[in-house]
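The next block holds one structure in the form of structure tokens; read it before the comments.
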Amino acid sequence: MIKKVLVVDDSALIHQMYKMVLMRYKCEIVDALNGQDGLDKLAKNPDADLVLLDINMPLMNGLEFIKKVKESGKYNHVPIVIVSTEGKEEDTMKGLALGARGYVKKPFQPSDLHALIEKLYPATKA
């Protein structure tokens, strides 16, 4: 069951959308606006159950975020899911190779994200 989700995305609108889409899980959502902010928030919330991550962001992009998280070794228990409009399959493959556990392309249907979350956490089915 997911209790806390870290959303790393530079769009305030996307953060609002996640709040609506994730309501069914009754989880806490921690917002971060770029990769560096995401690292800082993850350090303050090591009990996060899931990271939803954009690729294209200022200051630190999603691929750099994944690399730093995996290098630290502290948060290997937290699945990272890339949710991005990035059309380059190369970046998606890099993210998965770096350790992301899944990928959902924006714009997405809530059911696509729910299916991926429920695959990672089977007990979360509503």
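The values are calculated or read from the model by the stated rules, or taken from the named source; none is laboratory data. What you see is a predicted model, and the numbers here were worked out from it, not measured in a lab. We place every Cβ from the backbone using ideal geometry, glycine too, and count neighbours over all the protein chains shown. Quick note on the areas: whole protein, heavy atoms, side chains included, nothing else; ligands and nucleic acids left out. Shrake-Rupley method; radii C 1.70, N 1.55, O 1.52, S 1.80 Å.
Quick notes
- Average Cα contact separation per residue, the range 45-124, under 8 Å, 6 or more apart, as relative contact order %: 28
- Comparing Ile29, Met93, Tyr121 along the charge dipole axis of the chain, the residue lying farthest to the positive side is Tyr121, per the Cβ-charge model.
- Most to least accessible of Met23, Met17, Met93 (protein chains only, probe 1.4 Å): Met23, Met93, Met17
- Summarising the label geometry, the points placed 7 Å from Cα in the beta-carbon direction at Gln16 and Ala123 lie 3.5 nm from one another.
- Cα gyration tensor category, rounded, prolate or oblate, for the range 15-61 with a/c compared to 1.5: oblate
- Other residues lying with their Cβ under 12 Å from the Cβ of Asn76 contribute a combined charge of +2, Lys and Arg counting +1, Asp and Glu -1.
- Out-of-range pairs (alpha-carbon distance over 23 Å; input Lys74/Lys106; Lys26/Lys74; Lys44/Lys94; Lys44/Lys74; Lys67/Lys105; Lys74/Lys105): Lys74/Lys106; Lys26/Lys74; Lys44/Lys94; Lys74/Lys105
- For the range 42-81, relative contact order (Cα pairs under 8 Å, six or more residues apart, normalised by length) works out to 49 percent.
- Fraction of beta bridges assigned by DSSP in the chain that are antiparallel (%, nearest 5): 0
- For Lys4, the accessible surface of its heavy atoms amounts to roughly 20 Å² (probe 1.4 Å, protein chains only, rounded to the nearest 10).
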